[in-house]
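Have a look at the structure below, then the notes.
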Amino acid sequence: MRDAIADVVKQTLGLTAVIKVTGTADDTRIQGVDENKTVFIDAHLRTAIPELAGEFGMMNLPLLRGLLDFASYRTEKAKFSVKRKVVGESQVETVEQFEFRDGTGAGADFRCMNPDRVPDQAEIKNIPWDITVTPDKSKIAEFQQIASLYAEVDKNFGAKTENGNLLFFFGDDNSSTHRASMVFASEIGAPLNAGLQWSAAQFLQVLKLAGSEGRIRISARGVLCVESETAFGSYKYYLRASR
C-alpha cells in the first residue's frame, strides 16, 4: 500500500495541487486537474487497496513525498497505517489521515481532505483519437532540446501531419517570428491539420513521468493524451490545447 501511494505521488507531483481518490472494492481511482484546467489526470491502480476505500483528497503532495521518503519512517521497526473515519449525514467511511511512526512510536500524521472539500473532476470519455504513437527516446530528447532553445520565443508547440510524418513545431510559418519543426514520428496514416497548440513545459513534464514506454494520442478536437504504465497503476494525462 505504501509503495502504491508513493507511486501516485511521484506520477502526479507538480501537475496538480489536489488529488482525488475514489476507492471501491474493485478499483482505486486517482484524478487531478491543474488550476488552469489544461492538464487532467485519470489513473487506476492495478490492485484495489481496501484501506483507501471511499472518497477523499490529498494536497500538499511535496510534504507527503517527504514523509514517504523520510529515513526514520522506512526502518524495519517503522510503521505506516491509514486511519479512517465516518463523515457526513450519510455516515460514509473514508480516509482521515496517513500515520507514520518510527521505531520509538513517535512520528507524523498526514491529514487527508474530506470529500466535500475536494474539487470536482472532469469525466473524459469517448474521445475520437486521430493519431497514436509510441515515440523513440531519441525523438523525445530531440524535442526537449528544441523546446529548451525556443522557450523564450514560444512556450507552446503545435502538431500536424505532412507526408506521413507527425511534425511538432514552434512558431508560425506565416509570421516573422523564429520557427522550427521536427519529425516526431513517421508512418502516420491519419491527417492532422495545424492550428492546435499545447504547453511544451507541461508536455515534457508528463513525458518524463511516462518514461520511454509512454504512448501518445492526439485528437483533432484539441486533446493530447500521454498514457503511462507503472508497476502500480495505469496513468492517463490529458492536455487541453490552448488554441
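The values are calculated or read from the model by the stated rules, or taken from the named source; none is laboratory data. Every value quoted in this text rests on a predicted model; they were computed, and no experiment measured them. Here Cβ is always computed from backbone atoms with ideal geometry, including for glycine, and neighbour counts include all displayed protein chains.
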Residue satisfying condition, being over 16 Å from Thr38 (Cα atoms), in contact with a His (Cβ under 7 Å, 6 or more places away or on another chain) and in a strand (DSSP E or B), within set Ser181, Ser234: Ser234
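Confirm whether Lys160 is in the same structural domain as Ser199 (by TED's automatic domain parsing), within 30 Å of Leu192 (Cβ to Cβ) and charged (D, E, K, R). Don't jump to the end; show me each part of the working.
On the way: in the same structural domain as Ser199 (by TED's automatic domain parsing): yes; within 30 Å of Leu192 (Cβ to Cβ): yes; charged (D, E, K, R): yes.
For Lys160, the condition - in the same structural domain as Ser199 (by TED's automatic domain parsing), within 30 Å of Leu192 (Cβ to Cβ) and charged (D, E, K, R) - is met.
Residue by residue, here is whether (1) modelled with pLDDT of 90 or more; (2) of a type in the set (A, V, I, L, M) holds:
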| residue | (1), (2) |
| --- | --- |
| Lys125 | no, no |
| Gln145 | yes, no |
| Val153 | no, yes |
| Asp172 | no, no |
| His178 | no, no |
| Gly189 | no, no |
| Trp198 | yes, no |
Being assigned to a loop (DSSP other than H, G, I, E, B) and in the same structural domain as Leu15 (by TED's automatic domain parsing) is the requirement here; does Lys37 meet it? yes
For the subset of the range 62-106 comprising residues that are in a loop (DSSP other than H, G, I, E, B) and of a type in the set (Lys, Arg), which member is nearest to Val118 (Cα to Cα)? Arg74
For the range 118-136, check the following and say yes or no: at least one residue is within 30 Å of Gln97 (Cβ to Cβ), in a helix (DSSP H, G or I) and in contact with a Gly (Cβ under 7 Å, 6 or more places away or on another chain). no
From the option list Glu152, Glu89, Glu93, Glu123, single residue qualifying as of a type outside the set (A, V, I, L, M, F, W, C) and within 20 Å of the chain's Cα centre (by Cα) is Glu123
Residue under question is Ser228, and the condition is that it be assigned to a loop (DSSP other than H, G, I, E, B), in contact with a Phe, Trp or Tyr (Cβ under 8 Å, 6 or more places away or on another chain) and touching a residue at least 40 places away in the same chain (Cβ under 8 Å); does it hold? no
When restricted to Leu45, Leu67, the only residue surrounded by 15 or more Cβ atoms within 10 Å (Cβ to Cβ), in contact with a strand residue (DSSP E or B) (Cβ under 6 Å, 6 or more places away or on another chain), under 16 Å from Lys20 (Cα atoms) and at pLDDT 95 or above is Leu45
